[in-house]
Amino acid sequence: MLQNGIALGRGGNGSVTTGVIRRTSNGGTNWSYNGFRSTSRKQIDSHSNIWIISSYADDTGHDTSYLQYSSDFGITWNTKLKTSQHVFRDFNLVNDSTIMLLTRIDTNAFANGILLTTNAGTDWRVTTFFAGTAMFNLEFVDANTGWTAGSRIYRTTNGGSNWLEQLNVYPLDINGVLMRDYKSGIAYGDQGILYTTSTGGIMNAVTYSSTTPKDFELYQNYPNPFNPKTIINYEIEKNNYVSIKIYDVSGKYVTTVVSEVKSAGRHEADFNASGLSSGLYFYSLLINGGIVSTKRMVLIR
């Protein structure tokens, strides 16, 4: 049975962003606290080192970004890169010497690029520049094939040397792309945006609603990860026909948890994943048949 694990989180107080890492060595019975800069992404390399990126804003609004790794499962951390010229969004560990960082350039939220090292962090250079769009997610299935997403989705098949635009949803944002393999994947974002692909190319839209965010709130399920039961809370401003639907990582419909008229206010739905295999799933809140919000959850057996 797995015993060691870490959990990442972040919060804020005014203009000061804070973060937390909690570590367990007994399968989650106890979690030790480690105050930390705002952590946003993690990966584990082939040597079982844990890598994280973080961006910390001080009380003047000045950002400093870090790429760090731990070789003792979160007890101590080593800094590979520290900079105040970039705000790290996501990253990809290609191999022991090559790392890609998706980053905001300087203070311009709509100037994003790929920061690359091919010598394990000794030297870094901007290899790709995405002008006029904010990018949030970097997803690779191997060293050559990957996607990045924001108000647009771009794909590369040559390790980031060239990127081809696949989808434009401006002024909305795609918050994440998750690919099961070269062909099957899902993209999710603002106002319940949900797109799927079965070819690795053109994304097909799942119907979503034009309901404004003030009309609803979908909360993160708890516990997460879970086995096999979890609770999904949501809030609606007025009486509506509400559905909560579950999808797998490829965007395939799995089941419906809620499907009825609900009164205004906060509601709770129980989801029992007995019979489903471990993995990543999505749950969507639908109002009057249109998706208004989508979040992800992890089932662990």
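The values are calculated or read from the model by the stated rules, or taken from the named source; none is laboratory data. Just so we're clear, the structure is a prediction, and the values are computed from it rather than from any experiment. So basically every Cβ, Gly included, is an ideal-geometry build from the backbone, and we count neighbours across all protein chains shown.
Residues that are under 22 Å from the mean Cα position of the chain (by Cα) and of a type in the set (A, V, I, L, M, F, W, C) within region 277-301 comprise Leu280, Phe282, Leu285, Leu286, Ile291, Val292, Met297, Val298, Leu299, Ile300, listed in sequence order.
Applying the selection to region 117-138, what residues are over 12 Å from Arg89 (Cα atoms) and touching a Gly at 6+ places or on another chain (Cβ under 7 Å)? Matches in region 117-138: Val126, Thr127, Thr128, Phe129, Phe130, Thr133.
Scan Thr64, Thr76, Thr83 and give me the residue that is more than 29 Å from Asn158 (Cα to Cα), surrounded by 16 or more Cβ atoms within 10 Å (Cβ to Cβ), at pLDDT 80 or above and of a type in the set (Val, Ile, Thr).
That would be Thr64, the only listed residue that is more than 29 Å from Asn158 (Cα to Cα), surrounded by 16 or more Cβ atoms within 10 Å (Cβ to Cβ), at pLDDT 80 or above and of a type in the set (Val, Ile, Thr).
Restricting attention to region 115-132, does a residue exist that is within 25 Å of Ile186 (Cβ to Cβ) and aliphatic (A, V, I, L, M)? No - not one qualifying residue is present in region 115-132. Elements of the type strands (runs of 3 or more DSSP E) sitting completely within region 198-251 and holding at least 3 residues that are modelled with pLDDT of 85 or more: these cover 229-236, 240-248. Quick one: Val20 ticks every box in (1) at pLDDT below 80; (2) on the phi > 0 side of the Ramachandran plot bar one, so which box is it? Exception for Val20: condition (2). Scanning region 274-301 for residues that are in contact with a Lys or Arg (Cβ under 7 Å, 6 or more places away or on another chain) and not hydroxyl-bearing (Ser, Thr, Tyr) yields Leu280, Phe282, Leu286.
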